[in-house]
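Just below is one structure, and these are the notes that go with it.
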Amino acid sequence: MNQNVNPPVGFGTVAPLKNVAAAYEVAISIINRPAGVDGLGLFYGPSGYGKSKASTFVQNKTGAIYLEVFDFWTKKTFCELLLAELGVDRPKGSIASMMLQVLRRLQDDPNRLLIIDEADKLVDKNMIELVRDIYKGARIPVLLVGEELLPDKLARYERCENRVTAYGMANPSDLDDARALAAIYHRTLRFGDDLLAEVVVQTRGVASRIVTSLAKVAEFARSTGKSEIGLADYPGPFFTGRAPKRSR
């Protein structure tokens with residue numbers, strides 16, 4: 001089942017950020033891979049760059065199975081929650097029996113994408129071989145989403161790393177991304193490019209901080225009755241992510 005590599009303008013309720021497009025491109029490349037080409041993809045980058053929101057967009061656009069890993073998970077937890085995502089009510093059994101159920105269900109739809117967010121946690125807990133078993137047994141496309149060191153961590157597991165055929169790197173947000181976020185979250189307020197550029201600088205391009213900073217600007221604009229606001233109109237502050245320091 002081929003799918004369009006170009007995401008639609010507007011992305012629905014997700015701002016058309018470059019990182020969203022990058023994650024989507026990786027997903028489509030492994031979904032539409034030629035015969036004989038492996039189907040593991042990586043999308044990685046520092047915290048706050050919007051990787052999870054990008055993954056949610058990919059899930060909604062492609063009908064993917066989505067699983068976000070938590071630090072307290074065991075192999076059994078992984079199997080139980082993946083089966084739950086696949087429609088199994090109250091999964092139970094040994095890890096081996098549940099993995100066989102996972103494979104049977106995934107084999108019924110071999111083009112359906114599996115997204116595993118926070119995948120570096122699986123590597124840290126020596127559980128990444130479960131993913132290789134799933135890929136090897138069901139031959140479905142799998143997108144692993146994680147932090148900046150995910151490729152380096154995965155390199156310790158050569159049998160998994162050798163299956164990776166597509167990479168996408170989340171990058172800091174730029175002015176275009178800030179414009180997109182402003183348009184999504186504050187439709188009735190017009191931001192000057194000089195103000196948006198300063199927001200990008202102050203937040204170091206971290207999308208989550210940009211959203212918080214825009215909310216602070218919007219709150220100021222509402223309190224002062226402004227429908228347009230530029231850098232000269234806004235006295236601050238911006239949300240930089242740095243804790244305030246006590247004055248001496």
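The values are calculated or read from the model by the stated rules, or taken from the named source; none is laboratory data. Bear in mind that the values here come from a model prediction, so they are computed numbers and not experimental data. Every residue, glycine as well, gets a Cβ built from its backbone with ideal geometry; the counts of neighbours run over all protein chains shown. Remember, those area values only see protein heavy atoms, side chains included, never the ligands or the DNA or RNA. Shrake-Rupley method; radii C 1.70, N 1.55, O 1.52, S 1.80 Å.
Brief remarks on what is shown
- Identified option (computed Rg and Dmax of the Cα atoms in Å; candidates [x] 17.3, 56; [y] 16.6, 47; [z] 20.7, 66): [z]
- Here the mean projected area of the convex hull built on the C-alpha positions of the stretch 67-130 is 4.2 nm².
- Calculated mean residue ellipticity, 222 nm, the chain: -13500 deg cm²/dmol, from DSSP H runs (n ≥ 4) at -39500 (n - 2.57) each, averaged per residue and rounded to 500.
- Rolling a 1.4 Å probe across all protein chains gives T212 an accessible area of roughly 50 Å².
- Total formal charge among the other residues, if their Cβ is under 11 angstrom from that of A180, Lys/Arg +1 and Asp/Glu -1: -1
- Projecting label points 7 angstrom from Cα along Cα→Cβ for E161 and A35 puts them 3.1 nm apart.
- Straightening the chain between N60 and R139 buys 26.3 nm, computed as 0.36 nm per residue apart minus the Cα-Cα spacing.
- Heavy-atom accessible area with a 1.4 Å probe sorts E148, E80, E228, largest first, into E228, E148, E80.
- Considering only A215, A35, A178, the Gaussian network model of the chain with Cα springs below 10 Å gives its largest mean-square fluctuation to A35.
- Heavy-atom accessible area ranking, 1.4 Å probe, most first, across V142, V201: V201, V142
- Residue-by-residue Karplus 3J(HN,Hα) for the stretch 101-116, coefficients 6.51, -1.76, 1.60, Hz, glycine and proline x: 5, 4, 4, 4, 5, 5, 5, 5, 9, x, 9, 6, 6, 10, 9, 10
- Using C-alpha pairs below 8 Å separated by at least 6 residues, the relative contact order for the chain is 24 percent.
- Counting protein heavy atoms only, the stretch 124-224 has 48 percent of its accessible area on carbon and sulfur, 1.4 angstrom probe.
- Within the chain, percent of DSSP bridges classed antiparallel, to nearest 5: 0 percent
- Net length gained if the chain between A243 and F220 were fully extended (0.36 nm per residue, minus Cα distance): 6.2 nm
- Fully extending the segment from D108 to D194, taken as 0.36 nm per residue of separation minus the present Cα-Cα distance, adds 25.7 nm.
- Basic side chains Lys and Arg get +1 at the Cβ, acidic Asp and Glu get -1 at the Cβ, and with that the dipole of the stretch 104-248 about its Cα centre reaches some 480 debye.
- The chain, accessible area per residue, ligands and nucleic acids excluded (1.4 Å, Å²): 52 Å²
- Rolling a 1.4 Å probe over the protein chains gives R104 an accessible area of about 140 Å².
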